[in-house]
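One structure below.
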């Protein structure tokens, strides 16, 4: 028969055995889960990091390739360092689909016919095959006085255009009763497809005509229909003017096109203007 002391020692030994055997199994299971989670997280991080690296490399290569292709396709009268931005998530996956969601081309230091110009072009649904048309194109081109005078050929003596706030002004002359009468005109510009409409809003005689009544000259100028100025031969075929904003520093033309290809042939192919008879 066990004494109370022996019984107590036996129970203590059994409790010690139970306490020492259970925690290691639990600790092993916990360690196993921790290791599995760590491996999973590290693997996911490597995959995600690899995707981000591939995305950055792909985007850099694509933007450089587009910039080189566009600069090589510019008309001879245009010189520009083109910046390219590809919008949308995951350019890498966009390339797999064969189209880029949105591409922005821009330049702050372009030269058009030797005059400074600024442009931005936003194209949507741009195919990797440049022989295929893009979805839509919206562009703005800001031209200084020199470039505007190259773009706009006014009837008559093709006077030089000066820029103002929402207007352009020019000086010309007309023959009245054998006298050459000089005058100046302020006109607004509005788009009409591949034409720019110049509508006179103010006119003044600049010649000293003495007592000669020249009111009819002014009335004729102001009462005339807006003068259409064709610029189709200065625009890529298929591009139209959607807006014009004039300031003393520059005239900004908004351009639009759809089903247009961004290859060299399309950019250099110009429209035609009717011959002036």
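The values are calculated or read from the model by the stated rules, or taken from the named source; none is laboratory data. Since the structure is predicted, the reported quantities are computational estimates derived from the model, not experimental observations. Heads up, the Cβs are rebuilt from the backbone with ideal geometry, glycines too, and the neighbour counts pull from every protein chain shown.
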Legend entry - Every residue from region 152-171 that is assigned to a loop (DSSP other than H, G, I, E, B), under 21 Å from residue 194 (Cβ atoms) and under 32 Å from the mean Cα position of the chain (by Cα): 152, 153, 154, 161
Legend entry - Filtered residues of region 80-94 (kept if farther than 17 Å from residue 236 by Cβ and within 17 Å of the chain's Cα centre (by Cα)): 81, 83, 84, 85, 86, 87, 88
Legend entry - region 172-185, subset buried (at least 17 other Cβ atoms within 10 Å of the Cβ) and modelled with pLDDT of 80 or more, residue farthest from the chain's Cα centre (by Cα): 183
Inset, instruction - Give the residues of region 142-162 that are under 24 Å from residue 236 (Cβ atoms), at pLDDT 85 or above and touching a helix residue (DSSP H, G or I) at 6+ places or on another chain (Cβ under 9 Å), sorted by residue number. - result: 143, 161
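Answer with yes or no whether residue 185 is in contact with a helix residue (DSSP H, G or I) (Cβ under 7 Å, 6 or more places away or on another chain), part of a strand (DSSP E or B) and at negative phi.
Numbers: in contact with a helix residue (DSSP H, G or I) (Cβ under 7 Å, 6 or more places away or on another chain): yes; part of a strand (DSSP E or B): yes; at negative phi: yes.
Judged against the criteria, residue 185 is a match.
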Legend entry - Sole exception among (1) surrounded by 15 or more Cβ atoms within 10 Å (Cβ to Cβ); (2) farther than 20 Å from residue 117 by Cα for residue 157, by number: (1)
Legend entry - Test: residue in region 259-267 that is more than 17 Å from residue 158 (Cβ to Cβ) and loosely packed, with under 15 Cβ neighbours inside 10 Å: yes
Legend entry - Number of the exception - residue 29 against (1) surrounded by 12 or more Cβ atoms within 10 Å (Cβ to Cβ); (2) in a helix (DSSP H, G or I); (3) at pLDDT 55 or above: (1)
Legend entry - Yes/no for residue 192 being surrounded by fewer than 18 Cβ atoms within 10 Å (Cβ to Cβ), modelled with pLDDT of 90 or more and within 30 Å of residue 69 (Cβ to Cβ): no
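Please enumerate the residues belonging to region 204-221 that are assigned to a loop (DSSP other than H, G, I, E, B) and either within 14 Å of residue 172 (Cβ to Cβ) or modelled with pLDDT of 70 or more (or both). It would help to see each step written out before you state the result.
Here is the first cut: in region 204-221, the residues assigned to a loop (DSSP other than H, G, I, E, B) are 206-214.
206, 207, 208, 214 - these are the residues of region 204-221 that are assigned to a loop (DSSP other than H, G, I, E, B) and either within 14 Å of residue 172 (Cβ to Cβ) or modelled with pLDDT of 70 or more (or both).
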Inset, instruction - Take region 163-173 and flag every residue that is touching a residue at least 40 places away in the same chain (Cβ under 8 Å) and out of contact with any helix residue (DSSP H, G or I) (no Cβ under 6 Å at 6 or more places or on another chain). - result: 164, 165, 166, 167, 168
Legend entry - The one condition in (1) surrounded by 15 or more Cβ atoms within 10 Å (Cβ to Cβ); (2) in contact (Cβ under 8 Å) with a residue 60 or more places away in the chain; (3) over 24 Å from residue 275 (Cβ atoms) that residue 152 fails to fulfil: (3)
